[in-house]
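Beneath this line is the structure, given in structure tokens, with notes to follow.
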Amino acid sequence: MARLTRSVIFLSMMAPLIQACTQPPEASPPATDVAPDTYEVEVIAEGLATPWDMAFLPDGSALISERNGGVKWLRDGALSDVPGGPQDVFAEGQAGLFDLELAPDFDTSRLVYLSYASGTADANTPALYRARFEDGALVAGDTIFRATPERSTNAHYGARLAFLPDGSLLMTAGEGFAYREEAQVRSNHLGALLRLNPDGSAPADNPFAEEGGPAAYVYSYGHRNMQGIALDPATGTIWTHEHGPQGGDELNAISAGDNYGWPIATMGLDYNGARISPYFEHDGFHAPDWVWTPSIAPAGMALYDGAQFADWQGDLLVTALAGQALHRLDLEDGEVVGEYRLLSEREQRIRQVKTGPDGAIWLLAESPQGQVLRLTPSP
């Protein structure tokens, strides 16, 4: 696979073509804190090494991925090692083993998909691994896709997974931090939402399939580092969120083929305090549906569909790393009409959120010991 050897600078090219928005758009209003006495938190298990994702099996147990490359099996509150998995995991900085998704026909196929950073410090890339889960182990596994090009950084992988109703698989791919201008280039996978067939090939009906090569996998582009993805089965909406730099974390409703603007349009500042671009937003780029400024560092996301929190049906749940909380986005007719913050009193970096088969909200917290949490309403 070819290494990345060029950096395309777009701002000077685009400036004459688009009209700057000189005043920043109004930021989304701050979240309303939810009183801790309205919910209960149970620690189900702990001792995980930077847990990343969790998938519930038909019997109610769960598989959990750890960024160091391990997979654990959670049964009746106990964790056990799952042998197998990709052997070329690059685990350094933000790199490692990431998402874990069961095939839609898991009951019969037993197929599990894992996203991870494949390679070395000098040459690595987001990749997709597929194996069968049998007798407590991942067997007959193979890496079926590697994003292109390879990078020499250890940050911004994205790598969240979600199956669409047609059986195709979405995979987010970050822009590698050091290559942000490449998010505007469709002939690579940096800063793109990818859509794949279950065997790792490119679907023939992808928006840029006729361009061939890497573009054939691209579903949308102009993203920074998408670490959350959720599907609304009632409307078909694909929701993603992505880390901004300093400020400008975004929630986006995805439209096939659209450009989401990074790094030409952003409400965030660079880490040295400088403006990244003169443009906050402008025509030709899909504007975010919600913006967090200051940043909360959104991580996981789920559309709640359980029964225990009846009033939350159809709302988005977003975990925060820097924000150390769980955020509920109240959705009405496809628009965010309010934001509520829970669990901030625990002061934990929360990586992922899932609706459990019991209707409770399950979470993966990175600190202090890598915990599995279960959230329920207070009696």
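The values are calculated or read from the model by the stated rules, or taken from the named source; none is laboratory data. This is a predicted model, so every value here is computed, not measured. Reconstructed Cβ throughout: ideal geometry from the backbone, glycine too, with neighbour counts over all protein chains shown.
Let's see how each residue does on (1) more than 22 Å from L194 (Cα to Cα); (2) in contact (Cβ under 8 Å) with a residue 40 or more places away in the chain:
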{"position": "P83", "(1), (2)": "yes, yes"}
{"position": "Q94", "(1), (2)": "no, yes"}
{"position": "L97", "(1), (2)": "no, yes"}
{"position": "L100", "(1), (2)": "no, yes"}
{"position": "P104", "(1), (2)": "no, yes"}
{"position": "R110", "(1), (2)": "yes, no"}
{"position": "Y113", "(1), (2)": "no, yes"}
{"position": "S118", "(1), (2)": "no, no"}
{"position": "D122", "(1), (2)": "yes, no"}
Lone unmet requirement of (1) closer than 25 Å to E366 by Cα; (2) out of contact with any helix residue (DSSP H, G or I) (no Cβ under 8 Å at 6 or more places or on another chain) for L269: (1)
Residue count for the range 265-306, restricted to those that are assigned to a strand (DSSP E or B), farther than 17 Å from E242 by Cα and either free of Cβ contacts under 8 Å to residues at least 60 places away in the same chain or touching a His at 6+ places or on another chain (Cβ under 9 Å) (or both): 1
Qualifying residue in the range 49-57 (condition: under 23 Å from L343 (Cβ atoms), among the β-branched types (V, I, T) and in a strand (DSSP E or B)): no
Residue within the range 195-214 that is in contact with an Asp or Glu (Cβ under 7 Å, 6 or more places away or on another chain) and under 20 Å from L128 (Cα atoms) present: no
Cβ pairs under 7 Å, 6+ apart, first in the range 188-216 and at positive phi, second at pLDDT 95 or above and assigned to a loop (DSSP other than H, G, I, E, B): G191/G174; G191/E175; G191/G222; G191/H223; G191/R224; G191/W262; G213/S187
Conditions (1) in contact with a helix residue (DSSP H, G or I) (Cβ under 9 Å, 6 or more places away or on another chain); (2) aromatic (F, W, Y); (3) within 26 Å of E101 (Cβ to Cβ): number failed by Y279: (3)
Residue in the range 285-292 that is small (G, A, S), crowded, with 18+ Cβ neighbours inside 10 Å and farther than 12 Å from I361 by Cβ present: no
Residue match in the range 130-145 (condition: surrounded by fewer than 24 Cβ atoms within 10 Å (Cβ to Cβ) and under 22 Å from P207 (Cβ atoms)): yes
Matching entry among R341, R328, R374 (being assigned to a strand (DSSP E or B), buried (at least 21 other Cβ atoms within 10 Å of the Cβ) and either charged (D, E, K, R) or free of Cβ contacts under 8 Å to residues at least 24 places away in the same chain (or both)): R328
Any pair with Cβ under 7 angstrom, 6 or more apart, that starts in the range 135-147 at a residue that is over 25 Å from L193 (Cβ atoms) and ends at one that is of a type in the set (K, R): V139/R132; A140/R132
Matching residues in the range 353-371 - criterion: being over 22 Å from H241 (Cβ atoms) and in a strand (DSSP E or B): Q371
Residue count for the range 22-41, restricted to those that are loosely packed, with under 13 Cβ neighbours inside 10 Å and either modelled with pLDDT under 80 or on the phi > 0 side of the Ramachandran plot (or both): 4
Residue check for D76: more than 18 Å from the chain's Cα centre (by Cα) and not aliphatic (A, V, I, L, M): yes
Matching residues in the range 337-369 - criterion: being at pLDDT 95 or above and touching an Asp or Glu at 6+ places or on another chain (Cβ under 6 Å): V337, G338, R341, R349, R351, Q352, T355
Any hit, the range 224-233, residues being crowded, with 18+ Cβ neighbours inside 10 Å and at pLDDT below 95: no
Residues (among the acidic types (D, E) and within 14 Å of L114 (Cα to Cα)) located in the range 53-90: D53, E66, D88
